[in-house]
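The values are calculated or read from the model by the stated rules, or taken from the named source; none is laboratory data. Computed from a predicted structure; not experimentally measured. Using ideal geometry, Cβ is built from the backbone for each residue, glycine included, and neighbour counts are taken over all protein chains shown. We work out accessible area using only protein heavy atoms, side chains counted, and drop any ligands, DNA or RNA first. Shrake-Rupley method; radii C 1.70, N 1.55, O 1.52, S 1.80 Å.
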Amino acid sequence: MNRVYKPMRSIIHKLFGESEIERLTAENRSLREANFRQIEYIRKKTNQMLLLFGTLPIRPEEPAVESLIDSDPIGVMTESFIQILEHEKHLNERVRAAHDETQAILASVGVGIMVLDSNMKIQIYNQRLLEMFSVAEEGLTEKTCCQAICQTDSYPANCAFERVMNTRRPVHQVDWVMNKRHFEVSAVPVKNRFGDVTQVVMAYMDITNRVKTELHLREKEQMYLDVFENAGEMVQCVAPDGSFIFVNRLWRENLGYSSDEISGLKIWNIIAPESRSVCMEHFGSLMKGERLSEVETVFFSKECKELPVKGHVTISYSDGKPLATFGMFHVTNT
Amino acid sequence: MELKYIDMRGQVCPATLISALREINSHKDAIKAETLKLVFITSNRDSTVTIPKSAENMGYATKVSEEDASYRIEIFAAGL
């Protein structure tokens, strides 16, 4: 280098003088510094982008200066970022569509739904929930479920949300009562990749009418049971397998069985031996759906006493299958 | 479908990632058209994370497997 540089310097000195040499030297230094700054800029920006890609920065000793410019890492990564952004845009469109679908589903179901964060704050809710609990929509997402629904600042007894947060498992509450209304509640946790509960989806179904109907039916059932229990005839209800579903007081008194003994009995246990074959034919006919006129048979008490009876037997069905026979008898000759 | 093998054994990060991104960018249309699958062979373990992760962020599907003393990273159209 010096072998070339010294003669050159001598020629320039002769032609242009010392000042020109100094000017060229300064210009050369300036250009080298500018080039260095550009390389460092490329290296810095490349490393910033590499960091975003989750990889290591370029080592200080490599690649060579020429290689760094020639390989165009910024250009390569910029083009990759364009693809990432296009993909993100596509994903966002799919997320937006999924969000719209979810909103439509939430609006269409007859179940009150809300999503709570791990601090019980309401994040999402549907219109049915507002109607169900007569809740004002304004400021609802600023409130906790306790404040909005139960109107307290602490967990109510048997709170489904609290149970989900404690167990990290779904909770199904069959009958939760709020303001004299009955609800079936399902609470399902949403977990992050570490298994922590980040949200809880709460679904409420108003079952007040069903509960009232069931209560009414139970009351009616009890009323009929009382009527049959105190009837002046022997009443029995027999399952298809011959076991007793119900017998009344007079039936028990006449045949000498206590209430506890009924569950172990079958219909043929209370039929006198000589009447069993006829009775089994009657029972089989009923099971096939045939109607019987008045039935005469002989019952057999616990004390082996024969009891001639006469009465009527009918059969009831459920889903087309025999459910039970229902018989009322009176004693014909003691 | 055509397979294009790119042998990057001996290269380390970040050179492997930049090389892989360059190949993916160059062949993006063919990959998305499901006519080409890129197969990178690398000896650098870090690349089995950085290359698939970057490719997935770009919307491609990936598959990583170990083959002899190196790793095989496949880049192909998502949905295949």
How big is segment A:109-206 in terms of Cα radius of gyration and Dmax, in angstroms? 12.5, 40
Along the dipole axis of segment A:1-155 (charges at Cβ: +1 for Lys and Arg, -1 for Asp and Glu; origin at the Cα centre), the most positive-end residue among A:Ile39, A:Phe16, A:Asn126 is A:Phe16
Within chain A, excluding any GluC sites (Glu not before Pro) found in a DSSP loop (not H, G, I, E or B) and having at most 12 other Cβ atoms within 10 Å, the longest uninterrupted segment runs A:139-289
If I model a spin label at A:Gln222 and A:Asn158 as a point 7 Å from the Cα along the Cα→Cβ vector, what separation in nanometres do I get? 1.9
Sites A:Ile82 and B:Asp68 - FRET efficiency at Förster radius 45 Å, r taken between beta-carbons, to 0.05: 0.80
Within segment A:252-311, DSSP-loop trypsin sites (Lys or Arg not before Pro) with at most 16 other C-beta atoms within 10 Å are A:Lys288, A:Arg291, A:Lys302, A:Lys305
Given H placed on each backbone N at 1.01 Å, which residues far from A:Ile315 in sequence or on other chains put an amide H within less than 5 Å of it? A:Phe326
Once the piece of chain linking A:Ile74 and A:Trp268 is laid out straight, how much longer is it, given 0.36 nm per residue of separation minus the C-alpha distance between them? 60.5 nm
For the protein assembly as shown, what is the charge dipole size about the Cα centre, in debye to the nearest 20, if Lys and Arg each add +1 at the Cβ and Asp and Glu each add -1 at the Cβ? 1400
Measuring from label point to label point, each 7 Å out along Cα→Cβ, what is the A:Asp175 to A:Thr198 span in nm? 3.8
Measure of exposure for A:Val190: accessible area at 1.4 Å probe, Å² rounded to 10, is 50
Angle, helix A:73-108 long axis vs. longest principal axis of chain A, Cα atoms, 0 to 90°, nearest 10? 20
Chain A: angle of helix A:208-229 to the longest principal axis, Cα-based, in degrees nearest 10: 20
Looking at segment A:230-331, what % of the alpha carbon pairs are farther apart than 17 Å? 48
Taking the Cα centre of segment A:109-206 as origin, sum charge times position over the Cβ atoms of Lys and Arg (+1) and Asp and Glu (-1), and report the length of that vector in debye to the nearest 20. 360
When the solvent-accessible surface of protein heavy atoms is calculated with a 1.4 angstrom probe, in what order do A:Met178, A:Met114 fall, highest first? A:Met178, A:Met114
Between A:Asp319 and A:Leu130, what is the label-point separation in nm under the 7 Å Cα-to-beta-carbon projection? 4.1
Using Stokes-Einstein with the Kirkwood hydrodynamic radius over Cα pairs, what translational diffusion coefficient do you get for the protein assembly as shown at 25 °C and a viscosity of 0.890 mPa s, in µm²/s rounded to a whole number? 78
Per 5 Å bin, what is the whole-percent P(r) computed from every C-alpha pair distance within segment B:2-77? 3, 18, 33, 27, 14, 5, 0
Degrees, to the nearest 10: B:15-26 long Cα axis against longest axis of chain B: 10
With a 1.4 Å probe and all protein chains kept in place, how much accessible area does A:Met202 have, in Å² rounded to the nearest 10? 10
Quick one: Karplus J couplings for segment A:42-55, per residue in order, coefficients 6.51, -1.76, 1.60, θ = phi - 60°, nearest Hz, x for Gly and Pro? 4, 4, 5, 5, 4, 5, 4, 6, 4, 4, 5, 7, x, 10
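Full-extension gain between A:Phe246 and A:Val211, please, as 0.36 nm times their residue separation minus the C-alpha to C-alpha distance.
The A:Phe246-A:Val211 span can extend by a further 10.1 nm.
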Could you give the dipole magnitude of segment A:41-145 about its Cα centre, charging the beta-carbon of Lys and Arg +1 and that of Asp and Glu -1, in debye to the nearest 20? 280
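Quote the total accessible area buried by chains A and B together, excluding ligands, DNA and RNA, probe 1.4 Å, nearest 100 Å².
It comes to approximately 1500 Å² buried between A and B.
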With a 1.4 Å probe and all protein chains in place, put B:Leu3, A:Leu116 in order of accessible area, largest first. B:Leu3, A:Leu116
Which of the lysines could a cross-linker span from B:Lys28 if the Cα-Cα distance has to be under 30 Å and same-chain partners fewer than 8 positions apart are dropped? A:Lys44, A:Lys45, A:Lys89, B:Lys4, B:Lys37, B:Lys53, B:Lys63
